[in-house]
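Down below is the structure, laid out as structure tokens.
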Amino acid sequence: MAFIGFDVYGTLVDPLGMDGPLREHVGDLAERFAATWRERQIDWTFRRALMGRYVDFDIVTREAFRATAAILGVDTRTAEAGLLETYRRLPAFADAHHGLARLAEAGHRMVAFSNGVGATLRALLGHARLLPPLTDVVSVDEVRTYKPNPVVYHHLVARCGASPDRTWLVSSNAWDVLGAKSAGLKAAWVRRSTRTHWDGGGIAEPDLVVASLGELVDRLPA
């Protein structure tokens, strides 16, 4: 049995699923807006972690939204509140619920492990029907820095009460997998697109590479 921390954004729920709600407000720029918003969001968590200038993920998400609107030259001020609320109801990936349910049946202990704010994550995962099978939420807000700072992964290990070599991170984000491996954890990379290729920069390799959470059930050590 393993203790598994599941990344949320990009692994269990799809931030690029915002392209539909965005289309009403930015038209054909919707896909580009969703992708740029996500890129700005991740970049700013990296910068804030490096500088020690922490603010919570809800604030980062809002500021990344505003920056994206400025970059693309669109006026989203009247739509901002509604779109940020929609972001709290991102769609789950098709394999998420069934994969988590099968992992729970196999006896693995599972929590959400995310840059997101605890209350926001609980609402998001509840809406997506993923809490349960996930039994708890571990947020970086508890240590006030962001992945891939080693402090965050050590916090997951402390919360789960297992040794690092029995604690797994599951994430579609390569930088998250690298952070976990660098902190001594096991890690599985969910390759959600065939156009995505592993780029570990010579730092580390994932213990497992899977195309779906269903495949993870079959390959995760007992």
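The values are calculated or read from the model by the stated rules, or taken from the named source; none is laboratory data. Predicted model, so just to flag it, every value in this text is computed and none were measured. Neighbour counts run over all protein chains shown; Cβ positions are idealised from the backbone, glycine included.
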Item to complete: Consider Val117 carefully, then state whether it is out of contact with any His (no Cβ under 9 Å at 6 or more places or on another chain), crowded, with 19+ Cβ neighbours inside 10 Å, more than 14 Å from Gly5 (Cβ to Cβ) and among the aliphatic types (A, V, I, L, M).
Response: yes
Response to the item:
Within segment 25-47, residues surrounded by fewer than 17 Cβ atoms within 10 Å (Cβ to Cβ) and charged (D, E, K, R) come out as Asp28, Glu31, Arg32, Glu39, Asp43, Arg47
Worksheet item: Considering Leu131, Leu50, Leu90, Leu83, which residue is at pLDDT below 95 and either within 17 Å of the chain's Cα centre (by Cα) or farther than 23 Å from Leu213 by Cα (or both)?
Response: Leu131
Worksheet item: Quick check, is Ala162 over 16 Å from the mean Cα position of the chain (by Cα), in the same structural domain as Pro206 (by TED's automatic domain parsing) and either within 18 Å of Val190 (Cβ to Cβ) or surrounded by 21 or more Cβ atoms within 10 Å (Cβ to Cβ) (or both)?
Response: no
Worksheet item: Of all residues in segment 121-143, how many are surrounded by fewer than 16 Cβ atoms within 10 Å (Cβ to Cβ) and either touching a Pro at 6+ places or on another chain (Cβ under 8 Å) or under 19 Å from Trp44 (Cα atoms) (or both)?
Response: 1
Response to the item:
Selection from segment 53-80 of residues exposed (fewer than 15 other Cβ atoms within 10 Å of the Cβ) and either under 17 Å from the mean Cα position of the chain (by Cα) or assigned to a loop (DSSP other than H, G, I, E, B) (or both) yields Arg53, Val55, Ile59, Gly73, Asp75, Arg77, Thr78
